Amino acid sequence: MKYRAIVFDLDGVICHTDQYHYQAWKQIADRMNIYFDETINHRLRGVSRMDSLNIILEGYVGEPLSLEEKEKLASEKNEIYKSLLLMMSPKDLSKEVKETLNYLRSLGLKFAIGSSSKNARLILKQIGMEDYFDAISDGNNIEHSKPHPEVFLKAAGFLKEKPSDCLVVEDAKAGIEAACAGGMDSAGIGDAADYNKATYHLHNFKDLISIFQ
Ligand code: B16
Ligand code: MG
């Protein structure tokens with residue numbers, strides 16, 4: 001087989017939390033009279049919490065905020081976001097994703113999560129996948145977020161595999177760039193499906209299977 005392991009991004013690949021991120025940031029933005037819509041929300045895909053806040057603050061008219069004020073806003077957003085995540089359940093894991101994962105696992109591939117989110121474990125618990133992956137590399141074990149390769153290199157390390165033996169699956173362009181920077185092949189899906197830096201272009205999650213045939 002071409003690869004020994006797969007490193008999956010979480011949000012936008014295994015499940016979808018964009019709406020919850022949007023609703024939580026929208027409450028913060030509205031309170032501060034900042035214009036925020038779905039298009040701006042789209043730019044937050046795969047981006048860390050603080051970098052997301054900085055993108056939203058591009059629309060802020062007022063005195064520049066201190067780091068302390070920014071941290072307070074990011075943490076308020078996170079509390080709202082976490083309460084929204086409690087609405088997620090195993091129903092948020094699609095049949096297609098579940099069946100594809102089970103098939104790929106039956107081929108003997110190792111699986112890791114490579115997510116920028118500090119809430120990755122909570123999300124996995126909500127969708128009933130907390131014990132499914134062999135390793136979880138997330139926003140809690142990295143210093144640099146995507147497009148830096150750290151989150152994926154750590155995932156490969158946790159699996160005890162060489163980066164070149166791992167395939168990264170990503171929905172964000174920053175994530176595809178992170179894979180390239182780490183010397184890893186990548187499969188782009190969703191927003192990153194047509195990105196020319198991706199090794200493979202997936203229209204559906206189940207298209208992953210064709211890479212292993
Ligand atoms: P948190 P991924 C990313 O997850 C999301 O796509 C991005 O929108 C979010 O800002 C980031 O996680 C940080 O999330 O605030 O929960 O730490 O796509 O890398 O799985
Ligand atoms: Mg993502």
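The values are calculated or read from the model by the stated rules, or taken from the named source; none is laboratory data. Because the structure is predicted, anything quoted here is derived from the model rather than measured. With ideal geometry, Cβ positions are generated from the backbone for all residues, glycine too; neighbour counts draw on all protein chains shown. The accessibility values were calculated without ligands, DNA or RNA, using every heavy atom of the protein model including side chains. Shrake-Rupley method; radii C 1.70, N 1.55, O 1.52, S 1.80 Å.
Brief remarks follow.
- Ratio Rg/Rh, restricted to the stretch 18-85 and using Cα atoms, in which Rh is the Kirkwood radius: 0.92
- In the stretch 110-213, the GluC sites (Glu not before Pro) that fall in loop regions by DSSP, at most 11 other Cβ within 10 Å: 143
- The chain: angle of helix 150-159 to the longest principal axis, Cα-based, in degrees nearest 10: 40
- Note that the stretch 75-213 shows a convex hull volume over its alpha carbon atoms of 110 Å³ per residue.
- Take every Cα pair under 8 Å whose residues are at least 6 apart in sequence, average their separation, divide by the length of the chain, and the relative contact order is 25 percent.
- To put it simply, the accessible area of the chain at a 1.4 Å probe is 50 percent carbon and sulfur.
- Label separation (residue 213 vs residue 71): 5.2 nm, computed from points 7 Å beyond Cα along the C-beta direction.
- Protein heavy-atom accessible surface, 1.4 Å probe, per residue over the stretch 1-80: 54 Å².
- In the stretch 18-85, Cα pairs under 8 Å separated by at least six residues give a relative contact order of 45 percent.
- Mean residue ellipticity, 222 nm, helices only, the chain: the sum of -39500 (n - 2.57) across DSSP H runs of n ≥ 4, divided by residue count and rounded to 500, is -12000 deg cm²/dmol.
- The trypsin sites (Lys or Arg not before Pro) of the stretch 145-191 meeting both criteria, a DSSP state outside H, G, I, E and B (loop) and at most 15 other C-beta atoms within 10 angstrom of the site's C-beta, are 160.
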